[in-house]
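Before any comments, here is the structure.
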């Protein structure tokens, strides 16, 4: 309760401090955008370490998203996203043929947030940077658009809470940024609310003409976790999305919950004249401990590396990446749902390509090949099941 009161007081203070400003130009106050994606998806399985082999399957899916951005004045705005999907926090996809007999699909609020800009239009006084604060169900504040930033947190993740984003140019060729956020994981009536906070900072530097590099560091902290949270990470039990791979007494070292601390870094190098883009990252769960119940080690690291290049408008954009995510690297219910089906204790390659057909219309292909890292069935059955598989996605995307 104390944290909630402090949060409300802070928001009230910021709203009261912002000076009154005239409305923005009428024609630019409200902007709409969206996208519609059609997808063919196929799964091809091999026999896994459990001795079973799932049937190969194919399906057709679609996803619709509608966005609205309302500029209230130079210091305030509102963002909204609605889209297909149910309560799944990591996907808005709908499968053709579900529900049966052409039942209608759900359409839900994915984002709804206030934007507070202490300085006019979010620009710092000297106009060499930006600062904004967002409150509500916000876009993922930790997502980096450099490379495939999908190792720990799904890109469709829209958490509820407060975030602030800051960036500033420190020279003509270098800029720094910082993201800070706090979110409520589960609103408990009889106990303290499990929460998730993150602190992230980084720098991007132009080393030479058409040569840019950047690095970021992140610290993620979860506290007041309970056994329900851990169970969702072990096998998805009771969750709003799939999950599997965490070891119940290994993720935090406490089978009843506890806290979780994860450090992560990502870096990239971009040669703009080709263009070619190399990226990679590493993370470690500092709270993980060897499991006493299953006699396995911490299983607490994750890493990735990738290379991509080309221009989707001129020819084609292609990429290849490798991901390695141990069982207790991060809560599995937040892992990217496409990469390893929302599982930890997985490793594999990811090939992707995009070609722009016409303005606002893209053709894309993604191929995921995965396998289990550890195969001890006593500890890792939820992540070993169906781990040896190929997943293909062929997309047609219209943006408007």
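The values are calculated or read from the model by the stated rules, or taken from the named source; none is laboratory data. Note that the structure is a prediction, hence the values are computed from the model and not measured. Don't worry about glycine lacking a Cβ; one is built from the backbone with ideal geometry, like all the others, and counts go over all protein chains shown.
Residues in segment 126-140 include none that are part of a loop (DSSP other than H, G, I, E, B), more than 30 Å from residue 280 (Cα to Cα) and in contact with a strand residue (DSSP E or B) (Cβ under 7 Å, 6 or more places away or on another chain).
Every test in (1) within 19 Å of residue 185 (Cα to Cα); (2) in contact with a helix residue (DSSP H, G or I) (Cβ under 8 Å, 6 or more places away or on another chain) is passed by residue 133 save one, and that test is (1). In segment 115-127 there is no residue matching the filter, namely being within 30 Å of residue 340 (Cα to Cα) and touching a residue at least 24 places away in the same chain (Cβ under 8 Å).
Can you tell me which residues in segment 255-267 are closer than 26 Å to residue 207 by Cβ and either buried (at least 21 other Cβ atoms within 10 Å of the Cβ) or out of contact with any strand residue (DSSP E or B) (no Cβ under 8 Å at 6 or more places or on another chain) (or both)? Matches in segment 255-267: 264, 266. Given the criteria in contact (Cβ under 8 Å) with a residue 60 or more places away in the chain, touching a strand residue (DSSP E or B) at 6+ places or on another chain (Cβ under 6 Å) and crowded, with 21+ Cβ neighbours inside 10 Å, does residue 198 qualify? Criteria not met by residue 198.
Checked against the criterion of being in a loop (DSSP other than H, G, I, E, B) and over 15 Å from residue 266 (Cα atoms), the candidates 169, 191 yield just one match: 191.
Here 306, 342, 319 are screened, and the one residue that is over 25 Å from residue 38 (Cα atoms), touching a residue at least 40 places away in the same chain (Cβ under 8 Å) and either out of contact with any strand residue (DSSP E or B) (no Cβ under 9 Å at 6 or more places or on another chain) or part of a strand (DSSP E or B) (or both) is 306. Kindly evaluate residue 41 against the criterion of being at pLDDT 95 or above and part of a loop (DSSP other than H, G, I, E, B). Taking the combined requirement at face value, the residue does not satisfy it. For segment 309-331, the set of residues classified as surrounded by fewer than 19 Cβ atoms within 10 Å (Cβ to Cβ) and closer than 23 Å to residue 383 by Cα consists of 322, 324, listed by residue number.
From the set of residues in segment 47-66 that are surrounded by fewer than 16 Cβ atoms within 10 Å (Cβ to Cβ) and in contact with a strand residue (DSSP E or B) (Cβ under 7 Å, 6 or more places away or on another chain), which is farthest from residue 394 (Cα to Cα)?
Restricting attention to segment 47-66, the residues satisfying the condition of being surrounded by fewer than 16 Cβ atoms within 10 Å (Cβ to Cβ) are 47, 50-60.
Cutting the leftovers down to in contact with a strand residue (DSSP E or B) (Cβ under 7 Å, 6 or more places away or on another chain) gives us 53-54, 56-60.
Values: 53: 24, 54: 22, 56: 17, 57: 14, 58: 11, 59: 11, 60: 10 Å.
That would be 53.
Residues that are farther than 14 Å from residue 63 by Cα and surrounded by fewer than 15 Cβ atoms within 10 Å (Cβ to Cβ) within segment 98-119 comprise 99, 100, 101, 102, 103, listed in sequence order.
Residue 173: touching a residue at least 24 places away in the same chain (Cβ under 8 Å), exposed (fewer than 15 other Cβ atoms within 10 Å of the Cβ) and touching a strand residue (DSSP E or B) at 6+ places or on another chain (Cβ under 7 Å), yes or no? Yes; evaluated as a whole, the condition is true for this residue. Number of residues in segment 341-379 that are under 18 Å from residue 285 (Cβ atoms) and at pLDDT 95 or above: the value is 7.
Taking the numbered list (1) in contact (Cβ under 8 Å) with a residue 60 or more places away in the chain; (2) outside any strand (DSSP E or B); (3) in contact with a strand residue (DSSP E or B) (Cβ under 7 Å, 6 or more places away or on another chain); (4) farther than 22 Å from residue 399 by Cα in turn, residue 144 passes all entries but (4). Report yes if residue 238 is in contact with a helix residue (DSSP H, G or I) (Cβ under 8 Å, 6 or more places away or on another chain), crowded, with 19+ Cβ neighbours inside 10 Å and at pLDDT below 95, otherwise no. Answer is no for this residue. Please specify each residue of segment 285-302 satisfying the condition of being crowded, with 18+ Cβ neighbours inside 10 Å and in contact with a strand residue (DSSP E or B) (Cβ under 9 Å, 6 or more places away or on another chain). Scanning segment 285-302 gives 285, 287, 288, 298, 299, 300, 302.
Residues in segment 99-118 that are touching a strand residue (DSSP E or B) at 6+ places or on another chain (Cβ under 9 Å) and under 19 Å from residue 37 (Cα atoms): 105, 106, 107, 108, 109, 110, 111. Summed over segment 192-218, the residues that are more than 16 Å from the chain's Cα centre (by Cα) and under 18 Å from residue 160 (Cβ atoms) give a count of 4.
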